[in-house]
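Take a look at the structure set out below.
Computed from the coordinates by the stated procedures, all read-outs in this text should not be read as laboratory data. A quick note: this is a predicted structure, and the numbers were derived from the prediction, not measured. Ideal geometry is used to build each Cβ from the backbone, glycine not excepted, and the neighbour counts take in all protein chains shown.
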């Protein structure tokens, strides 16, 4: 009898056991894709629409250019000196609640946007404070010894000075070139290098977008995609721009694992300068396809105010973070005189 | 007196001392400041145990099955990130569960992969072959399951019991053949239940549950427990109103009842998971199988010549209900509150019960005269029983 009773009790415990977690507390709400409002007694996990911030600020990165410490040579050549420090032990919140070991140049992914004018003499003081060998390999034209491939810079304070003349005109990536290469790139050792033409470009509201991905579980597939590292950031923090104002975006695709990426703009088309090496646009389109480290310059003007999406039209990427919004403010008297270009 | 007290104390002390050392060792290993064994990296793990599709929403039951606490950070459907809610909250201690609610306009009968990403960026996934509405607890469904349970459990067992007059009239060796046939049938069912339990645990339970060992443990405990209880019942039969054959038949009925509970669970779960066609097959298959279970009960009962006709009929109906009706309860639980863990447990209990019934029947055959269980009728019976089940299992 006792046996039977204990069996009965045991069985009922097993039946009830999996349905334990039913706590009651105050209701929270969140909005879905379709605008439906959902109420929950629990926690909302919504990196898409809920405004949230993490350690890295993509809004600050967007329009930040590092022109270096400027000096002049006797012959009038501008010398620009930069310091870049590599680290590989930082754990960063890359999406709300998700922590990932990023390898950084100057503490951020992407690293600082290095900007110079064609013909300037560049001196990049590189310090490796990481625990592995690292280098900086610039895309562009430079002597073999400055290529950052065969000159591994040792960990724990190793130093190297990359010295070369800025060129050619355009937008280029720089990244670590130590083997295993894929690992060094996908952890975040990359950034943008802009070479301005001597005669300058038309004044514009300029921004940098590095299209990148994060493989947070190391299965050689990206778990997140983004413009400037943080998924969905520009969706819940729209980029504010004005009507009748020239917008210029320096786009660099650093996505690994997936062969292509792309950039689609809503309610508008852009002039596209592949690699930015030519001053005449090659395309007038709302869609470009980019392979690894493929990059270029986009220019466009919005006529109508409002909210416009921009995202990968490889929709998988946009649904995993590579999506943003331009919030176009009405600016009837366009005033381009107070806008700057280069320096 | 004093001497015996001291010796009792000594016995107790010698029993307790090793335990004391075990506790000291545990304290040493896990105690504060003891980082002796603190090396290696503990990898987090969560398991999505269950996915329910309800109106415009997908709900996933997530359990932390790893060695360290985790925080649920992101939910996705088909590897596309979705806004979601996690109740009661996203922080999961070891073995804690949470319900992740993902608002999603899903389409019926399409496959879905539900993913959960935790704080360290690791993503875990569960694939659902075909989305279907989760069953809601309505009186219609309760009746529906009761009818299915009746078809699968009660009716086939009752039909099987109708063989009783036939078994009564046949010769001893033919009777042995039928008993052995049941052994073969039940052996197949027992192995089948174990396979099913292992399959469910592999697909739905985390590795930390040790699915195969869990199944083995429950099978053995179920077997031993029922064996013990059954023996008590038979022993008592001498002193009570029950005759020995009736006691054995009752035991077999209880064992088969436990097994049918597991079968009911499987059917309810199949309906709940939306594989309706699959469950139609299941129902036909189970109904065929279960007819044979009636024979198993009828066998020993037929040896009791003392029973009056009326009393025999009441007993047949009673045993039929004991053996068959658990299928109804199983279907209710499987359909309305399916949990892979309880499924594995019940399937294993059922398997243990089946093996217990097998032992009882074999013993009956031995007592009836075939001491080595090597008579041609016994050997042929077991072999044909297995073969019949295998062939019908291909058909269904």
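Which of A:67, A:61 comes first, and how do the rest follow, when ranked by fewest Cβ neighbours within 10 Å? Each step should come with its number before you reach the end.
On the way: A:67 18, A:61 24.
Ranking A:67, A:61 by Cβ neighbours within 10 Å, fewest first, gives A:67, A:61.
Before anything else, pin down the relative contact order of chain B: Cα pairs under 8 Å, at least 6 apart, normalised by residue count, whole percent.
On the way: 679 pairs, mean separation 88.2, N = 396.
Relative contact order here is 22 percent.
Give the order of B:261, A:164 when sorted by the count of other beta carbons within 10 angstrom, beginning with the fewest. Please report the intermediate quantities before stating the final value.
Working: B:261 26, A:164 18.
Neighbour counts put them in this order, fewest first: A:164, B:261.
Springs between alpha-carbon pairs under 10 angstrom, Gaussian network model over chain A: which of A:126, A:65, A:99 fluctuates most?
The residue that fluctuates most here is A:99.
Determine the shape class of chain A: with a ≥ b ≥ c the square roots of the Cα gyration tensor eigenvalues, call it rounded for a/c under 1.5, and otherwise prolate if a/b is greater than b/c, oblate otherwise. Before the final figure, lay out the partial values.
Details: a/c = 2.72, a/b = 1.55, b/c = 1.76.
Oblate, because a/c is 1.5 or more while a/b does not exceed b/c.
Would you mind telling me the antiparallel percentage of the DSSP bridges in chain B, rounded to 5?
Details: 34 of 35 bridges.
DSSP beta bridges in chain B are roughly 95 percent antiparallel.
Report the full-extension gain for the segment residue A:83 to residue A:280: residue separation times 0.36 nm, less the Cα-Cα distance, to one decimal in nm. Before the final figure, lay out the partial values.
Working: separation 197, 0.36 × 197 = 70.92 nm, distance 3.32 nm.
Once the chain is fully extended between residue A:83 and residue A:280, it gains 67.6 nm.
Using only the Cα atoms of the protein assembly as shown, build the gyration tensor, take square roots of its eigenvalues as a ≥ b ≥ c, and label the shape rounded, prolate or oblate: rounded if a/c is under 1.5, else prolate if a/b is larger than b/c, else oblate.
On the way: a/c = 3.36, a/b = 2.41, b/c = 1.39.
Because a/c hits 1.5 or more and a/b exceeds b/c, the protein assembly as shown counts as prolate.
From Cα pairs below 8 angstrom and at least 6 apart in sequence, can you work out the relative contact order of chain A, rounded to a whole percent? List each step's numbers first, then the result.
Working: 823 pairs, mean separation 48.7, N = 343.
Computed value for chain A: 14 percent relative contact order.
Given chain A, what percent of its DSSP beta bridges are antiparallel, to the nearest 5? Display every interim value, and only then the final one.
Values: 62 of 86 bridges.
Taking every DSSP beta bridge within chain A, about 70 percent pair in antiparallel fashion.
Rounded to the nearest 10 degrees, what's the angle between the helix A:2-16 long axis and the longest principal axis of chain A, both from Cα atoms, 0 to 90?
30 degrees
If I take R0 = 51 Å and measure r between the Cβ atoms of residue B:203 and residue A:50 in this structure, what FRET efficiency does the formula 1/(1 + (r/R0)^6) give, to the nearest 0.05?
FRET efficiency, residue B:203 to residue A:50: 0.90.
Among DSSP bridges having both ends in segment A:43-168, what percentage is antiparallel? Round to the nearest 5. Please report the intermediate quantities before stating the final value.
Numbers: 21 of 30 bridges.
For segment A:43-168, the DSSP antiparallel bridge percentage is about 70.
Within 10 Å of each Cβ in peptide A:42-52, how many partner chain Cβ atoms are there on average? Round it to a whole number, please.
The shielding value for this peptide is 6.
Report the full-extension gain for the segment residue B:162 to residue B:9: residue separation times 0.36 nm, less the Cα-Cα distance, to one decimal in nm.
Numbers: separation 153, 0.36 × 153 = 55.08 nm, distance 6.13 nm.
Fully extending the segment from residue B:162 to residue B:9 adds 48.9 nm.
Report the label-to-label distance for residue A:72 and residue B:170 in nanometres (one decimal), using points 7 Å from each Cα along the Cα→Cβ vector.
With each label placed 7 Å out from Cα toward Cβ, I get 11.5 nm.
Taking 0.36 nm per intervening residue step and subtracting the Cα-Cα distance, what contour gain separates residue A:289 from residue A:198 on full extension? If you can, show how the numbers build up before the last one.
On the way: separation 91, 0.36 × 91 = 32.76 nm, distance 2.87 nm.
Answer, rounded to one decimal: 29.9 nm.
On average, how many beta carbons from a partner chain sit within 10 Å of the beta carbon of a residue in B:131-143?
On the way: counts 0, 0, 0, 0, 0, 0, 0, 0, 0, 0, 0, 0, 0.
Per residue, the number of nearby Cβ atoms from other chains is 0 on average.
Mind pulling the angle between the C-alpha long axis of helix B:244-272 and the longest principal axis of chain B? Nearest 10 degrees, somewhere in 0 to 90.
Value to nearest ten degrees: 40.
Relative contact order for segment B:46-128: what percent, with Cα pairs under 8 Å and sequence separation of 6 or more?
Across segment B:46-128, relative contact order equals 33 percent.
If you take each beta carbon of peptide B:88-97 and count the beta carbons of other chains within 10 angstrom, what is the mean? Present the calculation step by step, with values, prior to reporting the outcome.
Details: counts 9, 6, 5, 1, 1, 0, 0, 0, 2, 5.
Going residue by residue through B:88-97 and averaging, the value is 3.
For chain B, what class follows from the C-alpha gyration tensor (a ≥ b ≥ c being the square roots of its eigenvalues): rounded when a/c is under 1.5, otherwise prolate if a/b is larger than b/c, else oblate?
Numbers: a/c = 2.56, a/b = 1.33, b/c = 1.93.
Since a/c reaches 1.5 but b/c is at least a/b, the shape of chain B is classed as oblate.
What ranking, highest mean first, results for peptides A:264-276, A:243-255 when packing means the other Cβ atoms within 10 Å averaged over each residue?
Numbers: A:264-276: 18.5, A:243-255: 22.0.
Listed from highest to lowest mean packing, they are A:243-255, A:264-276.
Measure off 7 Å from each Cα along the Cα-to-Cβ vector at residue B:212 and residue A:161, then give the distance between these two points in nanometres to one decimal.
So the two model labels end up 6.5 nm from each other.
In degrees, nearest 10, range 0 to 90: what is the angle between the Cα axis of helix B:276-301 and the longest Cα principal axis of chain B?
That helix lies at roughly 40 degrees to the long axis.
Running a GNM on chain A with Cα contacts under 10 Å, which residue among A:52, A:95, A:34 ends up with the highest mean-square fluctuation?
Its mean-square fluctuation being the largest, the pick is A:34.
At 222 nm, what helix-only mean residue ellipticity would chain A give, in deg cm²/dmol to the nearest 500, using -39500 (n - 2.57) for each DSSP H run of four or more? Mind dumping the intermediate values first?
Details: 5 runs with 35 residues, N = 343.
Result for chain A: -2500 deg cm²/dmol, rounded to the nearest 500.
Within 10 Å of each residue's Cβ, count the other Cβ atoms and sort A:201, A:295 from fewest upward.
Working: A:201 18, A:295 24.
Final ranking by Cβ density, sparse to dense: A:201, A:295.
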